[in-house]
Amino acid sequence: RWEEERYPEGIKWKFLEHKGPVFAPPYEPLPENVKFYYDGKVMKLSTKAEEVATFFAKMLDHEYTTKEIFRKNFFKDWRKEMTSEEKSTITNLSKCDFTHMSQYFKAQTEARKQMSKEEKQKIKEDNERLLKEYGYCVMDNHKERIANFKIEPPGLFRGRGNHPKMGMLKRRIMPEDIIINCSKDSKIPSPPPGHKWKEVRHDNKVTWLVSWTENIQGSIKYIMLNPSSRIKGEKDWQKYETARRLKKCVDKIRNQYREDWKSKEMKVRQRAVALYFIDKLALRAGNEKEEGETADTVGCCSLRVEHIKLHPELDGQEYVVEFDFLGKDSIRYYNKVPVEKRVFKNLQLFMENKQPEDDLFDRLNTSILNKHLQDLMEGLTAKVFRTYNASITLQQQLKELTNPDDNIPAKILSYNRANRAVAILCNHQRAPPKTFEKSMMNLQSKIDAKKEQLADARRELKSAKADAKVRRDEKSKKTVESKKKAVQRIEEQLMKLEVQATDREENKQIALGTSKLNYLDPRISVAWCKKWGIPIEKIYNKTQREKFAWAIDMAEEDYEF
DNA sequence: GGAACGGACTCAGAAACCTACTT
DNA sequence: AAAGTAGGTTTCTGAGTCCGTTC
């Protein structure tokens with residue numbers, strides 16, 4: 001039971017043994033008959049140049065490949081892989097014809113789909129073997145699942161949003177790039193034959209097993225454990241405990257920042273207004289980013305003047321702030337929020353004599369803000385507000401929306417609605433599924449069919465009743481009963497379908513997964529299930545139940561966040 | 001102090017994959 | 001009964017937060 005184990009400060013484990021990473025399969029050159037054309041003429045590429053060309057060919061249908069920056073970055077990196085002859089011939093990407101290669105890959109995909117059962121079974125078994133050998137490690141006394149034991153294969157970098165580095169070549173990771181972390185007394189994983197690890201270290205103050213430096217941003221990538229592991233679960237639990245501590249002092253903090261709106265110091269005022277946004281709107285902290293290295297996105301502290309508009313009055317409301325900016329993953333945040341007069345006046349002050357591209361909070365950054373929060377409560381940082389507000393919203397919404405008389409599907413709809421309220425708060429959006437319209441129509445026709453079926457069943461019941469009135473025998477009574485049951489059953493089915501339709505419609509552009517997995521104290525959901533007799537499987541699938549195992553056996557129906 | 005940087009960890013949506021149901 | 005589809009699940013890897021160190 002991991003909940004009971006304790007480690008000295010900063011120590012993450014005592015024993016760690018694993019098999020090291022699985023490398024991407026080596027490049028397989030294209031068959032002779034698959035051609036690349038330059039300027040209308042067949043051209044045989046060197047293996048290295050060909051490999052990079054296939055990365056582009058595989059993405060040909062994606063709109064990425066039409067973007068100027070993507071093409072420019074790709075072409076620059078591709079040329080680095082070319083022989084000098086290739087370099088002198090291939091000077092213009094627009095003259096490159098990858099369509100034959102692209103068709104070949106499509107055919108391959110198709111062929112994979114068409115494989116016989118036996119072939120598919122064999123692949124499945126191979127994967128299982130790989131998972132069994134490399135997918136687990138031993139950390140202290142537990143065998144634990146590893147999250148990502150496969151090294152990322154080479155390919156073209158695809159950032160999110162308008163990323164300046166899109167299209168750049170993500171190089172192949174070799175054993176010589178890899179740092180292994182494990183305990184001294186474990187069996188140290190061996191590198192592939194003929195290769196060496198970059199380094200083997202024994203650092204039990206960190207949780208990762210393998211790391212390497214990626215070539216696009218120069219950042220470090222890690223292999224770590226699965227969410228079901230002790231080390232992740234314990235951390236997750238701690239996160240929610242910190243948020244619960246915030247619950248106890250949030251009123252005090254709110255009073256404090258409201259006072260600070262009046263401060264003589266500009267820095268304090270900015271801090272207080274920013275904190276108000278973080279608290280009220282669940283904005284992210286907003287670290288500074290290096291210009292030109294990433295997409296231009298912001299969070300609270302990095303908001304610029306151009307990201308907000310002030311409306312002294314809008315649609316009958318006073319002091320409205322209109323937010324419009326790109327947040328994490330270049331997801332747009334758009335919101336019109338009535339705020340307190342003091343906040344509004346402060347914002348006007350902060351914006352005075354500034355250009356649109358100037359920082360709104362020019363005296364503030366996340367480090368200043370977090371230092372202040374640390375003084376208000378131990379372990380408090382900006383992101384704790386997101387966790388706190390998400391979880392408390394779920395709890396509140398569940399209380400408000402759950403109708404004790406509802407059946408299980410209707411209660412689950414209520415749960416999803418509560419979940420949705422949180423996703424909206426946290427601005428968790430998704431692109432509407434490509435098949436959305438169609439699937440909605442299918443569902444509607446199912447509903448129509450069910451309605452007809454219900455009408456039929458009701459007619460039959462009516463005539464059975466009439467019949468029974470005349471005959472007054474046991475047999476016709478029984479018929480009435482069974483027809484009644486049929487009507488009830490169909491009504492229930494119809495209701496289920498309608499609930500499904502509502503749920504899906506409301507969920508069109510909302511992503512529930514992120515909040516469910518990362519922001520909602522799972523004990524709230526577990527308690528709710530227990531209270532209303534909802535099977536936990538209706539709320540959490542298998543993976544989620546594994547991740548939240550700690551909460552499932554911890555929480556009783558009276559759990560309060 | 002505070003900026004710059006490296007490092008380690010959480011959180012993010014898209015895409016690939018799988019499976020159960022239809023046709 | 002094979003093939004096609006829809007929708008849920010898993011994988012993938014990029015994008016944040018936050019902390020410690022150094023100058």
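Values in this text are rule-based calculations from the coordinates and carry no lab data. Only a predicted model underlies this, so the values are computations on that prediction, with no experimental measurement involved. When we count neighbours, we look across all protein chains shown, and the Cβ atoms used for this are built from the backbone with ideal geometry, even at glycine.
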Normalise the Cα radius of gyration of chain A by 2.2 N^0.38 Å (N = residues in it) and let me know the number. 1.21
Size of electric dipole in chain A: Cβ of Lys, Arg +1 and of Asp, Glu -1, about Cα centre, debye, nearest 20: 1380 debye
If you count, for each residue, the other Cβ atoms within 10 Å and average over each peptide, how do A:506-518, A:103-115 line up from highest to lowest? A:506-518, A:103-115
Whichever lysines have a C-alpha closer than 19 Å to that of A:Lys434, once near sequence neighbours (fewer than 8 apart) are set aside: A:Lys508
J(HN,Hα) series, segment A:488-505, from Karplus relation 6.51 cos²θ - 1.76 cosθ + 1.60, nearest Hz, glycine and proline x: 4, 4, 5, 4, 5, 4, 5, 4, 4, 5, 5, 4, 4, 5, 4, 4, 5, 4
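Please give the FRET efficiency for A:Lys106 paired with A:Lys328, using the beta carbon to beta carbon distance and R0 = 41 Å, rounded to the nearest 0.05.
Numbers: r = 33 Å, r/R0 = 0.81.
After rounding to 0.05, the efficiency reads 0.75.
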Projecting the Cα atoms of A:Gly20, A:Cys137, A:Ala272 onto the charge dipole of chain A, where Lys and Arg contribute +1 and Asp and Glu -1 at Cβ, the residue farthest towards the positive end is A:Cys137
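Size of the dipole of segment A:216-329 about the Cα centre, Lys and Arg at +1 and Asp and Glu at -1 on the beta carbon, nothing else charged, in debye to 20?
Working: 23 positive and 20 negative charges, 187 e Å.
For segment A:216-329, the charge dipole is close to 900 debye.
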Pseudo-spin-label distance A:Lys221 to A:Asp39, built 7 Å along Cα→Cβ, given in nm, is 3.7 nm
Using the Karplus curve 6.51 cos²θ - 1.76 cosθ + 1.60 with θ = phi - 60°, work out ³J(HN,Hα) for each residue of segment A:275-285 in order, rounded to whole Hz, and write x for Gly and Pro. 5, 4, 5, 4, 6, 6, 10, 6, 6, 6, 4
Selection from A:Met224, A:Trp212, A:His195, by position along the positive dipole direction of segment A:194-247 (Cβ): A:Met224
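Give me the dipole magnitude in Debye, nearest 20, for segment A:390-554 about the Cα centre, with unit charges on the beta carbon: positive for Lys and Arg, negative for Asp and Glu. Intermediate results must be reported in sequence, preceding the final value.
Working: 35 positive and 22 negative charges, 112 e Å.
The calculation lands at about 540 debye.
Using 0.36 nm per residue, how much length does the chain from A:Thr47 to A:Lys531 gain when fully extended, once their Cα-Cα distance is taken away? Mind showing how you got there, number by number?
On the way: separation 484, 0.36 × 484 = 174.24 nm, distance 6.27 nm.
Gain on stretching A:Thr47 to A:Lys531: 168.0 nm.
Which length gain, in nm to one decimal place, applies between A:Leu314 and A:Leu517 when the Cα-Cα distance is subtracted from 0.36 nm times their residue separation? Can you show the working numbers first?
Working: separation 203, 0.36 × 203 = 73.08 nm, distance 3.64 nm.
Gain in length upon complete extension: 69.4 nm.
Quote to one decimal, in nm, the extra length available between A:Glu474 and A:Arg171 on full extension: 0.36 nm per residue of separation minus the C-alpha distance between them. Write down the numbers at each step before the final one.
On the way: separation 303, 0.36 × 303 = 109.08 nm, distance 8.04 nm.
Working it through step by step, the gained length comes to 101.0 nm.
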Under a plain spin-label model, where a point goes 7 Å from the Cα along Cα-to-Cβ, how far apart in nm are A:Tyr27 and A:His62? 1.8 nm
Trypsin sites (Lys or Arg not before Pro) within segment A:253-335, DSSP loop, no more than 10 other Cβ atoms inside 10 Å: A:Lys264
Sorted by mean Cβ packing within 10 Å, highest first, what order do the peptides A:52-64, A:439-451 take? A:52-64, A:439-451
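As an exercise, use a Förster radius of 56 Å and the Cβ-Cβ distance of A:Leu93 and A:Gln500 to find the FRET efficiency, rounded to the nearest 0.05. Walk me through the numbers before you get to the answer.
Details: r = 47 Å, r/R0 = 0.84.
Calculated value: 0.75.
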Report, largest value first, the span of the C-alpha coordinates of segment A:382-502 along each principal axis, in whole Å. 75, 34, 13
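Order these peptides, A:155-168, A:413-426, by their mean beta-carbon neighbour count within 10 angstrom, highest first. Working shown, then result.
Values: A:155-168: 18.7, A:413-426: 20.8.
With the highest mean Cβ count within 10 Å placed first, the list reads A:413-426, A:155-168.
Please give the FRET efficiency for A:Glu492 paired with A:Leu130, using the beta carbon to beta carbon distance and R0 = 51 Å, rounded to the nearest 0.05. Write out the running numbers ahead of the final one.
Working: r = 45 Å, r/R0 = 0.89.
So, using R0 = 51 Å, E works out to roughly 0.65.
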